[in-house]
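Q: I'd like to ask some things about the structure below.
None of the figures in this text is laboratory data; all of them are computed from the coordinates on show. Remember, predicted model here, so these are calculated numbers, not experimental data. Here the Cβ positions follow ideal geometry from the backbone for every residue, glycine too, while neighbour counts run over all protein chains shown.
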Amino acid sequence: MANSAQKIFLIRHGETEWSRAGKHTGVTDVPLTEQGRRTAQLLQPVLAREQFALVLSSPLQRARDTCELVGLRKFAAVEPDLIEWNYGEYEGLTTKQIQSARPGWSVFHHGCPGGETPQEVAARADRVLGKVRAADGDVALFAHGHILRVLAARWIDQPASFGEHLLLDTATLNVLGYYYDTPALKIWNAPIR
């Protein structure tokens, strides 16, 4: 049975040069910009009010740095399944660039040549959710835009493609929880500015 009081905080890393430019940033470890660091720090007082039974971070530096800037790095474990979508041949390209060669393309429906499919990313998200549901209390997850959108979709029992409908800016507040015993989105893409 679900712990209907459990809250899961999803924190997308702060801004990077590539995220600002709209480039698909999977495995390339791009650092936070100064603006990204400042914005991430705004989450610190919000998260300081919480008690976390589990804190997990993507292995990529931009997520780990965001975790550190909000004061939770010392409690965090690196979770390989929280790494961003592997964009393969589309790494570093914008959606507009990709769609100019492949009209109608969407990462959430088509995946990436030489990278991951939506089903592979959903499987990773499901493994993370298994750990989340096993935690005895609230959870904080530090990761990236597309993996977190898929994770939220899977939380509410939707396919990975549903993530397309969940816009997610950098360093925003996002909380998953329950409506009675039904998994729900409590807060989504809320800026802390």
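Q: List the number of the failed condition for K131; all other conditions in (1) within 19 Å of V78 (Cβ to Cβ); (2) without any contact (Cβ under 8 Å) to a residue 60 or more places away in the chain; (3) surrounded by fewer than 19 Cβ atoms within 10 Å (Cβ to Cβ) hold.
A: Looking at each condition in turn, K131 falls short on (2).
Q: Now, a different point. I need the full set of residues from region 86-100 which are touching a residue at least 12 places away in the same chain (Cβ under 8 Å), of a type in the set (S, T, N, Q) and part of a helix (DSSP H, G or I), in order please.
A: T95
Q: Another one. Take the conditions surrounded by 15 or more Cβ atoms within 10 Å (Cβ to Cβ) and in a strand (DSSP E or B) and apply them to L56. Does it pass?
A: Numbers: surrounded by 15 or more Cβ atoms within 10 Å (Cβ to Cβ): yes; in a strand (DSSP E or B): yes.
It is true that L56 is surrounded by 15 or more Cβ atoms within 10 Å (Cβ to Cβ) and in a strand (DSSP E or B).
Q: Looking at region 59-78 only, could you name the residues that are in a strand (DSSP E or B) and of a type in the set (S, T, N, Q)?
A: Scanning region 59-78 gives no hits.
Q: For region 94-121, which positions are of a type in the set (G, A, S) and surrounded by fewer than 20 Cβ atoms within 10 Å (Cβ to Cβ)?
A: The initial filter retains those residues of region 94-121 that are of a type in the set (G, A, S), namely 100-101, 104, 106, 111, 114-115.
Once the filter is applied, which keeps residues that are of a type in the set (G, A, S) and surrounded by fewer than 20 Cβ atoms within 10 Å (Cβ to Cβ), region 94-121 yields S100, A101, G104, S106, G114, G115.
Q: Which numbered condition trips up E116, out of (1) within 17 Å of the chain's Cα centre (by Cα); (2) part of a helix (DSSP H, G or I); (3) free of Cβ contacts under 8 Å to residues at least 40 places away in the same chain; (4) closer than 15 Å to H24 by Cβ?
A: It fails just one condition, (2).
Q: Would you mind finding the one in I147, I83 that is in contact (Cβ under 8 Å) with a residue 40 or more places away in the chain, farther than 20 Å from K7 by Cα and surrounded by 15 or more Cβ atoms within 10 Å (Cβ to Cβ)? Don't jump to the end; show me each part of the working.
A: Details: I147 fails: farther than 20 Å from K7 by Cα.
Step by step, each of I147, I83 is checked, and only I83 is in contact (Cβ under 8 Å) with a residue 40 or more places away in the chain, farther than 20 Å from K7 by Cα and surrounded by 15 or more Cβ atoms within 10 Å (Cβ to Cβ).
Q: Separate question: Sort out which residues of region 1-53 are β-branched (V, I, T), free of Cβ contacts under 8 Å to residues at least 40 places away in the same chain and surrounded by fewer than 16 Cβ atoms within 10 Å (Cβ to Cβ), and write them in order of number. Give the steps one after another, and end with the answer.
A: Of all residues in region 1-53, those β-branched (V, I, T) come to 8, 11, 16, 25, 27-28, 30, 33, 39, 46.
Remaining after also requiring free of Cβ contacts under 8 Å to residues at least 40 places away in the same chain: 30, 33.
Hits for region 1-53: nothing passes.
Q: Can you find a residue in region 25-35 that is closer than 28 Å to A135 by Cα, touching a Ser or Thr at 6+ places or on another chain (Cβ under 9 Å), part of a loop (DSSP other than H, G, I, E, B) and not hydroxyl-bearing (S, T, Y)?
A: no
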